Amino acid sequence: MTQTHEMNTAPIMNTSRSKTTRLKGILVLMALVVAVIYAGAVGYMYFNQRSLLFKPEGELPQPAQVGLADLDVIALPMADGITLTAWSAPPAAEGAPTVLFFHGQTGNLGDRADRMREILNSGYGLLAASYRGYPGSEGEPSEIALISDGVQLFDKLQGEGTEVVLHGQSLGTAIAAAVAAQRPNAQLLVLEAPFTATVDVAAERYPWLPVSALMKDQFATRDLIERITVPTLIFHGTEDETVPVHHGKALAEMSGDSTQLFVIPDGTHNDLWSHGLWDDVQKSLSGT
(Lines give C-alpha, C1' and ligand atoms only; values in the text may rest on other atoms or scores of the structure.)
Protein backbone atom coordinates (compact mmCIF):
# COMPACT_ATOMS: atom_id res chain seq x y z
CA MET A 1 0.00 0.00 0.00
CA THR A 2 1.22 3.37 -0.92
CA GLN A 3 1.52 5.76 2.01
CA THR A 4 0.45 9.33 1.53
CA HIS A 5 2.20 12.03 3.55
CA GLU A 6 0.37 15.34 3.89
CA MET A 7 2.74 18.31 4.30
CA ASN A 8 1.79 21.12 6.62
CA THR A 9 2.13 24.27 4.41
CA ALA A 10 0.88 26.68 7.04
CA PRO A 11 4.35 27.76 8.28
CA ILE A 12 5.47 28.49 4.70
CA MET A 13 2.35 30.52 3.96
CA ASN A 14 2.66 32.44 7.21
CA THR A 15 6.29 33.27 6.45
CA SER A 16 5.34 34.53 2.98
CA ARG A 17 2.57 36.70 4.41
CA SER A 18 4.96 38.07 7.01
CA LYS A 19 7.51 39.06 4.37
CA THR A 20 4.82 40.75 2.28
CA THR A 21 3.55 42.64 5.30
CA ARG A 22 7.05 43.80 6.20
CA LEU A 23 7.69 44.90 2.60
CA LYS A 24 4.46 46.87 2.53
CA GLY A 25 5.39 48.49 5.82
CA ILE A 26 8.80 49.49 4.47
CA LEU A 27 7.24 50.95 1.32
CA VAL A 28 4.69 52.90 3.35
CA LEU A 29 7.46 54.22 5.60
CA MET A 30 9.55 55.23 2.59
CA ALA A 31 6.55 56.99 1.05
CA LEU A 32 5.95 58.86 4.30
CA VAL A 33 9.60 59.93 4.49
CA VAL A 34 9.49 61.17 0.89
CA ALA A 35 6.21 62.99 1.56
CA VAL A 36 7.65 64.68 4.66
CA ILE A 37 10.80 65.74 2.79
CA TYR A 38 8.72 67.04 -0.13
CA ALA A 39 6.35 68.92 2.16
CA GLY A 40 9.35 70.40 3.94
CA ALA A 41 10.86 71.55 0.64
CA VAL A 42 7.56 73.07 -0.46
CA GLY A 43 7.16 74.82 2.88
CA TYR A 44 10.72 76.13 2.82
CA MET A 45 10.32 77.52 -0.70
CA TYR A 46 6.97 79.11 0.12
CA PHE A 47 7.98 80.82 3.35
CA ASN A 48 11.42 81.88 2.09
CA GLN A 49 10.51 82.77 -1.50
CA ARG A 50 11.05 86.50 -1.19
CA SER A 51 14.47 86.09 0.40
CA LEU A 52 15.34 83.79 -2.51
CA LEU A 53 14.06 86.25 -5.12
CA PHE A 54 15.16 89.55 -3.61
CA LYS A 55 18.78 89.54 -2.46
CA PRO A 56 19.90 92.92 -1.13
CA GLU A 57 23.54 92.90 -0.06
CA GLY A 58 26.04 95.23 1.57
CA GLU A 59 25.77 98.90 2.40
CA LEU A 60 24.87 101.54 -0.15
CA PRO A 61 28.04 103.53 -0.92
CA GLN A 62 28.19 107.20 -1.75
CA PRO A 63 28.31 107.69 -5.53
CA ALA A 64 31.78 109.26 -5.29
CA GLN A 65 33.08 106.06 -3.69
CA VAL A 66 32.35 104.17 -6.90
CA GLY A 67 33.51 106.83 -9.34
CA LEU A 68 30.18 108.61 -9.78
CA ALA A 69 30.76 111.95 -8.06
CA ASP A 70 28.46 113.65 -10.59
CA LEU A 71 25.43 111.83 -9.16
CA ASP A 72 23.31 113.29 -6.37
CA VAL A 73 21.81 111.18 -3.61
CA ILE A 74 18.12 111.97 -3.21
CA ALA A 75 15.28 110.73 -1.01
CA LEU A 76 12.07 109.90 -2.85
CA PRO A 77 8.84 109.43 -0.87
CA MET A 78 6.46 106.93 -2.44
CA ALA A 79 2.68 107.07 -2.33
CA ASP A 80 2.45 104.67 0.63
CA GLY A 81 4.89 106.69 2.74
CA ILE A 82 7.96 104.53 2.12
CA THR A 83 11.10 106.50 1.21
CA LEU A 84 13.53 105.25 -1.43
CA THR A 85 17.11 106.36 -1.85
CA ALA A 86 18.08 107.13 -5.44
CA TRP A 87 21.05 108.33 -7.44
CA SER A 88 20.23 111.08 -9.88
CA ALA A 89 21.73 113.42 -12.47
CA PRO A 90 20.05 115.55 -15.16
CA PRO A 91 21.07 115.18 -18.80
CA ALA A 92 24.40 116.87 -19.54
CA ALA A 93 23.63 117.14 -23.26
CA GLU A 94 20.81 119.36 -24.47
CA GLY A 95 17.78 117.34 -25.51
CA ALA A 96 19.21 114.06 -24.20
CA PRO A 97 16.86 111.68 -22.38
CA THR A 98 17.11 110.43 -18.82
CA VAL A 99 17.63 106.72 -18.25
CA LEU A 100 15.37 105.29 -15.56
CA PHE A 101 17.47 102.32 -14.48
CA PHE A 102 16.04 99.25 -12.72
CA HIS A 103 18.75 97.03 -11.29
CA GLY A 104 18.92 93.26 -10.82
CA GLN A 105 17.99 91.13 -7.84
CA THR A 106 21.35 90.97 -6.04
CA GLY A 107 23.51 93.54 -4.27
CA ASN A 108 22.95 97.29 -4.39
CA LEU A 109 23.22 100.30 -6.70
CA GLY A 110 26.99 100.50 -6.29
CA ASP A 111 27.38 97.17 -8.06
CA ARG A 112 26.08 98.81 -11.26
CA ALA A 113 28.54 101.74 -11.24
CA ASP A 114 30.19 100.74 -14.54
CA ARG A 115 26.85 100.80 -16.35
CA MET A 116 25.95 104.15 -14.83
CA ARG A 117 29.32 105.62 -15.80
CA GLU A 118 28.69 104.79 -19.45
CA ILE A 119 25.23 106.33 -19.32
CA LEU A 120 26.56 109.56 -17.84
CA ASN A 121 29.51 109.69 -20.23
CA SER A 122 27.00 109.66 -23.08
CA GLY A 123 25.46 112.91 -21.82
CA TYR A 124 22.23 111.25 -20.68
CA GLY A 125 20.50 111.85 -17.40
CA LEU A 126 20.11 109.04 -14.88
CA LEU A 127 17.69 108.08 -12.15
CA ALA A 128 18.39 104.80 -10.36
CA ALA A 129 16.50 104.01 -7.16
CA SER A 130 17.44 101.35 -4.68
CA TYR A 131 14.41 99.05 -4.47
CA ARG A 132 12.42 99.14 -1.26
CA GLY A 133 14.08 96.78 1.21
CA TYR A 134 17.45 97.18 -0.50
CA PRO A 135 20.40 99.14 0.97
CA GLY A 136 19.42 102.76 1.57
CA SER A 137 15.67 102.30 1.09
CA GLU A 138 12.84 101.56 3.50
CA GLY A 139 10.14 98.91 3.26
CA GLU A 140 9.95 95.37 1.92
CA PRO A 141 10.10 94.37 -1.76
CA SER A 142 7.20 92.80 -3.64
CA GLU A 143 6.12 92.70 -7.27
CA ILE A 144 3.20 95.07 -6.77
CA ALA A 145 5.25 97.56 -4.74
CA LEU A 146 8.26 97.64 -7.08
CA ILE A 147 6.11 98.21 -10.16
CA SER A 148 4.11 100.92 -8.40
CA ASP A 149 7.37 102.60 -7.40
CA GLY A 150 8.61 102.35 -10.98
CA VAL A 151 5.54 104.11 -12.34
CA GLN A 152 5.92 106.90 -9.77
CA LEU A 153 9.58 107.36 -10.71
CA PHE A 154 8.62 107.58 -14.38
CA ASP A 155 5.96 110.18 -13.64
CA LYS A 156 8.49 112.21 -11.65
CA LEU A 157 10.83 112.38 -14.65
CA GLN A 158 8.01 113.15 -17.06
CA GLY A 159 6.93 115.97 -14.79
CA GLU A 160 10.42 117.43 -15.09
CA GLY A 161 10.03 117.58 -18.87
CA THR A 162 12.58 114.97 -19.89
CA GLU A 163 12.23 112.05 -22.28
CA VAL A 164 12.60 108.74 -20.45
CA VAL A 165 14.46 105.60 -21.48
CA LEU A 166 13.42 102.59 -19.40
CA HIS A 167 16.34 100.24 -18.79
CA GLY A 168 15.88 97.01 -16.86
CA GLN A 169 18.59 94.56 -15.87
CA SER A 170 17.51 90.97 -15.13
CA LEU A 171 14.87 91.32 -12.39
CA GLY A 172 14.60 94.97 -13.37
CA THR A 173 13.41 94.00 -16.86
CA ALA A 174 10.06 92.93 -15.45
CA ILE A 175 9.64 96.27 -13.68
CA ALA A 176 10.73 98.27 -16.73
CA ALA A 177 8.36 96.30 -18.97
CA ALA A 178 5.44 96.76 -16.58
CA VAL A 179 6.08 100.51 -16.48
CA ALA A 180 6.25 100.61 -20.30
CA ALA A 181 2.90 98.83 -20.49
CA GLN A 182 1.36 101.55 -18.31
CA ARG A 183 3.31 104.49 -19.73
CA PRO A 184 3.46 104.11 -23.54
CA ASN A 185 5.04 107.56 -23.91
CA ALA A 186 8.45 106.26 -22.85
CA GLN A 187 11.07 106.88 -25.53
CA LEU A 188 12.66 103.42 -25.43
CA LEU A 189 12.53 100.19 -23.43
CA VAL A 190 15.78 98.27 -22.94
CA LEU A 191 15.61 94.72 -21.55
CA GLU A 192 18.98 93.33 -20.47
CA ALA A 193 18.88 89.53 -19.93
CA PRO A 194 15.11 89.34 -19.39
CA PHE A 195 12.98 86.38 -18.35
CA THR A 196 9.50 85.52 -19.57
CA ALA A 197 8.46 85.30 -15.90
CA THR A 198 10.20 84.57 -12.62
CA VAL A 199 7.81 81.66 -12.19
CA ASP A 200 9.03 80.22 -15.50
CA VAL A 201 12.66 80.38 -14.36
CA ALA A 202 11.70 78.76 -11.07
CA ALA A 203 9.81 75.99 -12.87
CA GLU A 204 12.90 75.23 -14.94
CA ARG A 205 15.10 75.06 -11.85
CA TYR A 206 12.65 73.19 -9.64
CA PRO A 207 10.44 71.10 -11.97
CA TRP A 208 9.35 68.93 -9.04
CA LEU A 209 7.76 71.87 -7.20
CA PRO A 210 4.32 73.43 -7.92
CA VAL A 211 5.93 76.85 -8.30
CA SER A 212 3.00 78.45 -10.14
CA ALA A 213 0.85 77.80 -7.08
CA LEU A 214 3.54 78.84 -4.61
CA MET A 215 5.03 82.05 -6.01
CA LYS A 216 3.60 85.37 -4.89
CA ASP A 217 5.79 87.52 -7.17
CA GLN A 218 5.63 85.99 -10.64
CA PHE A 219 6.73 89.03 -12.69
CA ALA A 220 5.10 87.64 -15.85
CA THR A 221 6.50 89.89 -18.57
CA ARG A 222 5.20 87.39 -21.14
CA ASP A 223 1.64 88.34 -20.21
CA LEU A 224 2.07 92.02 -21.05
CA ILE A 225 4.80 92.19 -23.71
CA GLU A 226 2.23 92.09 -26.53
CA ARG A 227 0.60 95.26 -25.18
CA ILE A 228 3.80 97.28 -25.09
CA THR A 229 4.00 99.82 -27.91
CA VAL A 230 7.21 101.48 -26.75
CA PRO A 231 10.16 100.67 -29.09
CA THR A 232 11.99 97.82 -27.38
CA LEU A 233 15.52 96.40 -27.46
CA ILE A 234 16.12 92.93 -26.01
CA PHE A 235 19.67 91.82 -25.24
CA HIS A 236 20.54 88.27 -24.26
CA GLY A 237 23.76 86.24 -24.16
CA THR A 238 23.99 82.72 -25.55
CA GLU A 239 25.96 81.58 -22.48
CA ASP A 240 23.60 83.02 -19.89
CA GLU A 241 23.28 80.32 -17.22
CA THR A 242 21.12 82.42 -14.89
CA VAL A 243 18.31 83.18 -17.34
CA PRO A 244 18.76 81.06 -20.50
CA VAL A 245 18.65 82.84 -23.84
CA HIS A 246 15.39 81.17 -24.86
CA HIS A 247 13.60 83.57 -22.49
CA GLY A 248 14.77 86.61 -24.44
CA LYS A 249 13.95 84.92 -27.74
CA ALA A 250 10.47 84.02 -26.54
CA LEU A 251 9.74 87.61 -25.49
CA ALA A 252 10.94 88.87 -28.87
CA GLU A 253 8.59 86.45 -30.63
CA MET A 254 5.67 87.65 -28.51
CA SER A 255 6.49 91.31 -29.14
CA GLY A 256 5.37 93.64 -31.87
CA ASP A 257 7.28 94.92 -34.89
CA SER A 258 8.94 97.68 -32.85
CA THR A 259 11.09 95.16 -30.96
CA GLN A 260 14.68 94.27 -31.86
CA LEU A 261 16.44 91.21 -30.46
CA PHE A 262 20.21 91.19 -29.97
CA VAL A 263 21.54 87.69 -29.28
CA ILE A 264 25.12 88.10 -28.02
CA PRO A 265 27.45 85.19 -28.90
CA ASP A 266 29.34 84.06 -25.78
CA GLY A 267 27.51 86.67 -23.70
CA THR A 268 26.67 85.75 -20.11
CA HIS A 269 24.17 87.19 -17.66
CA ASN A 270 26.25 90.13 -16.49
CA ASP A 271 28.71 91.02 -19.28
CA LEU A 272 26.48 92.26 -22.09
CA TRP A 273 27.75 95.83 -21.77
CA SER A 274 31.26 94.64 -22.61
CA HIS A 275 29.77 93.17 -25.81
CA GLY A 276 28.50 96.55 -27.02
CA LEU A 277 25.02 96.75 -25.48
CA TRP A 278 25.23 100.47 -24.77
CA ASP A 279 26.55 101.23 -28.25
CA ASP A 280 23.46 99.58 -29.73
CA VAL A 281 21.18 101.53 -27.39
CA GLN A 282 22.75 104.82 -28.47
CA LYS A 283 22.44 103.88 -32.14
CA SER A 284 18.76 103.17 -31.64
CA LEU A 285 18.20 106.48 -29.88
CA SER A 286 20.04 108.42 -32.58
CA GLY A 287 18.26 106.56 -35.38
CA THR A 288 21.48 105.24 -36.92
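The values are calculated or read from the model by the stated rules, or taken from the named source; none is laboratory data. Everything numeric in this text was worked out from a predicted model, so none of it was measured. As a convention, Cβ positions derive from the backbone with ideal geometry for all residues, glycine included, and neighbour counts pool all protein chains shown.
Do you know which residues across the range 226-246 are part of a strand (DSSP E or B) and either of a type outside the set (A, V, I, L, M) or touching a Lys or Arg at 6+ places or on another chain (Cβ under 6 Å) (or both)?
First pass over the range 226-246, keeping only residues part of a strand (DSSP E or B): 232-237.
Correct list: 232, 235, 236, 237.
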**Request:** Could you check, for the range 143-158, whether at least one of its residues is crowded, with 18+ Cβ neighbours inside 10 Å, assigned to a loop (DSSP other than H, G, I, E, B) and out of contact with any Pro (no Cβ under 7 Å at 6 or more places or on another chain)?
**Result:** no
Residue 262 fails exactly one of (1) free of Cβ contacts under 8 Å to residues at least 40 places away in the same chain; (2) out of contact with any strand residue (DSSP E or B) (no Cβ under 8 Å at 6 or more places or on another chain); (3) of a type in the set (Phe, Trp, Tyr), namely (2)
Scanning the range 244-270 for residues that are under 13 Å from residue 225 (Cβ atoms) and polar (S, T, N, Q) gives 255, 258, 259
Within the range 74-90, residues being in contact with a strand residue (DSSP E or B) (Cβ under 7 Å, 6 or more places away or on another chain) and without any contact (Cβ under 8 Å) to a residue 60 or more places away in the chain number 8
Those residues of the range 109-132 that are out of contact with any helix residue (DSSP H, G or I) (no Cβ under 7 Å at 6 or more places or on another chain), small (Gly, Ala, Ser) and farther than 22 Å from residue 94 by Cβ come to a total of 0
Checked against (1) exposed (fewer than 11 other Cβ atoms within 10 Å of the Cβ); (2) assigned to a strand (DSSP E or B), residue 86 satisfies every condition except (1)
Within the range 191-232, the residues that are surrounded by 18 or more Cβ atoms within 10 Å (Cβ to Cβ) and of a type in the set (Ser, Thr, Tyr) are 196, 198, 221, 232
Check: Does at least one position in the range 247-266 carry a residue that is assigned to a loop (DSSP other than H, G, I, E, B) and closer than 17 Å to residue 114 by Cβ?
Finding: no
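For residue 125, indicate whether it is modelled with pLDDT of 95 or more and over 22 Å from the mean Cα position of the chain (by Cα).
Values: modelled with pLDDT of 95 or more: yes; over 22 Å from the mean Cα position of the chain (by Cα): yes.
Yes.
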Report whether or not residue 216 is under 19 Å from the mean Cα position of the chain (by Cα), modelled with pLDDT of 95 or more and of a type in the set (Lys, Arg). yes
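A quick yes/no check of all residues on (1) touching an Asp or Glu at 6+ places or on another chain (Cβ under 6 Å); (2) under 24 Å from residue 149 (Cα atoms); (3) not assigned by TED's automatic domain parsing to the domain that holds residue 201:
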| position | (1), (2), (3) |
| --- | --- |
| 42 | no, no, yes |
| 52 | no, yes, yes |
| 61 | no, yes, no |
| 66 | no, no, no |
| 75 | no, yes, no |
| 86 | no, yes, no |
| 89 | yes, yes, no |
| 93 | no, no, no |
| 97 | yes, yes, no |
